[in-house]
Amino acid sequence: MSSVNERECIIEIRTSAERIKVPKEKVEALKGVVGAKTIARMKKECVECPQTKATRSFIECFTCGNFVRRLKGQVHCSIRQTQHS
């Protein structure tokens, strides 16, 4: 039997001087949901992803299934781990 454990972590959002590469399909998914100025700002923001242990664009974080909310310069992320017993 398997069960899913969830824990929530809080990640600081950092601002980068230059834009971070983001896959076009992620940006296209946001058009119409958020404005162009917001997308441009989000392209310059990055987070240290606890799932992949890599620096990722905030847009990738925002479209991830583990994203919970953004609050005061922080991202709340639920980390799902599957355990088999």
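Of the strands (runs of 3 or more DSSP E) lying entirely inside the stretch 23-85, those carrying at least 2 residues that are exposed (fewer than 12 other Cβ atoms within 10 Å of the Cβ) are 67-71, 74-84. Is at least one residue of the stretch 13-21 at pLDDT 90 or above and touching a Gly at 6+ places or on another chain (Cβ under 7 Å)? So far as the stretch 13-21 goes, yes, one or more of its residues are at pLDDT 90 or above and touching a Gly at 6+ places or on another chain (Cβ under 7 Å). Counting only residues that are touching a residue at least 24 places away in the same chain (Cβ under 8 Å) and of a type in the set (Val, Ile, Thr), the stretch 6-50 holds 8 of them.
The values are calculated or read from the model by the stated rules, or taken from the named source; none is laboratory data. The model shown is predicted, which means the values in this text are computed figures rather than measured ones. Note: ideal-geometry Cβ built from the backbone for every residue, glycine included; neighbour counts use all protein chains shown.
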